[in-house]
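Read through the structure below, which is laid out as structure tokens, and then see the notes.
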Amino acid sequence: LPPFAGAVEETWTIGRVIAWTSEFFKRKGLDSPRLTAELLLGSVLSLDRVHLYTDFDRPLQKDELAAFRALVQRRASGEPTHYLLGRREFYGRSFRVDPRVLVPRPETEMLIEAALECLGDHSQARALDLCTGSGCVGVTLAAERPSLRVVATDASLPALEVARENASAHGVADRVELRAGDLFAPVARERFELITANPPYVETSAIEGLSPEVRREPREALDGGPDGLTLIRRLITGAREHLSPGGCLLFEIGDRQGPAVLDLLGTAGFPGASVQKDFAGFDRIARAHRD
Ligand SMILES: C[S@@+](CC[C@H](N)C(=O)[O-])C[C@H]1O[C@@H](n2cnc3c(N)ncnc32)[C@H](O)[C@@H]1O
């Protein structure tokens, strides 16, 4: 256990605490041990990482050490860093996250790039963000395009509460309408210039093999059914009737789902569809247009 809580006679400076904790996390086999130590300590002291370094020799108070120790223990027992921090950066903005929602991933920022490109300078567009979770995609698009109106949906009411908080925090609550329900059910007979989604796409049998951190995220945010494509299939078959002529469908997919997804898109009447790879070389973003 982290020793610094009771060590009143010793001086635990910021620098010493970071060094000790980095080593502790490393021994526990955690990813990014030093960065994690810095992020957690920064959150306890309300300091960004630069200021941790400028205050390296500052001794921590007893209550600061106790609060930090509690976080270190929770992280060591498998709680994801960003749930402990309660925040995650996405496309340059800070989003509230907690166990009600998936932690936004850096590769999902590619969905934003593709969506902004697709919107071009369309000034009256309406976008639909399915499976919105924390709202990171829908809220970011609304924040990036001040005339865009977004309908963001999710089957999970607890997730939508988090999305609501994020929409308010980023000043777009008046243009991001949150609706609860299964996939397209909340938008019957409505059409959009853009549909985005980051659906659950992990094969059910692969969930057990995911890291303990990922397994703490909501199962309904991960589980894509036996072949991972259950929701993606329904997304593809339902998308056409909800796209305006010329509209774009953009969604995230699993590492090797590209060929199967392109087949499904072709069959559903999206002949020119394509799949973009992420920086690690994995299939990541599927794009299709309605003619
Ligand atoms: C992978 S998470 C994506 C969250 C967020 N958009 C992101 O990119 O970080 C998938 C989301 O889909 C939602 N979901 C799962 N099944 C659904 C369904 N049948 N209809 C609507 N939403 C669903 C989950 O609640 C979860 O919030």
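Here are some notes:
- Within the accessible area of the chain (1.4 Å probe), percent carbon and sulfur: 52
- In this structure D31 has an accessible area near 120 Å², from a 1.4 Å probe over the protein heavy atoms.
- For the chain, built as a Gaussian network whose Cα springs stay under 10 Å, the top-fluctuating residue of V50, V17, V72: V50
- Of the whole protein surface, D174 contributes about 130 Å² of accessible area at a 1.4 Å probe radius.
- Computed on protein heavy atoms with a 1.4 Å probe, the accessible areas place W12, W20 in the order W20, W12, largest first.
- Cysteines in the chain that lack a partner Cβ within the 4.7 Å cut-off: C131, C136.
- Sorting E220, E79 by solvent-accessible area of protein heavy atoms yields E220, E79, largest first, with a 1.4 Å probe.
- Selected from I112, I232, I14 as most flexible by GNM, with the chain as the system and alpha-carbon contacts under 10 Å: I14
- Area accessible to solvent at R284, 1.4 Å probe radius, in Å²: 10
- The stretch 213-291-the stretch 13-45 distance, computed between alpha-carbon centres (Å): 37
- Approximate shape of the chain as ellipsoid semi-axes (Cα gyration tensor, √5λ), whole Å, largest first: 40, 20, 16
- Rounded, prolate or oblate (a/c below 1.5 giving rounded, otherwise prolate when a/b exceeds b/c) for the stretch 150-291 by Cα gyration tensor: oblate
- Placing E165, E190, E117 in order of accessible area, with the largest value first and a 1.4 Å probe, yields E117, E165, E190.
- Taking all pairs of distinct alpha-carbon atoms in the stretch 17-136, Kirkwood radius in angstrom: 16.5
The values are calculated or read from the model by the stated rules, or taken from the named source; none is laboratory data. All values derive from a computational prediction rather than experimental measurement. FYI the Cβ positions are ideal-geometry reconstructions off the backbone, even for glycines, and counts take in every protein chain you see. Just so you know, the surface numbers come from the protein's heavy atoms only, side chains and all, with ligands and any DNA or RNA stripped out. Shrake-Rupley method; radii C 1.70, N 1.55, O 1.52, S 1.80 Å.
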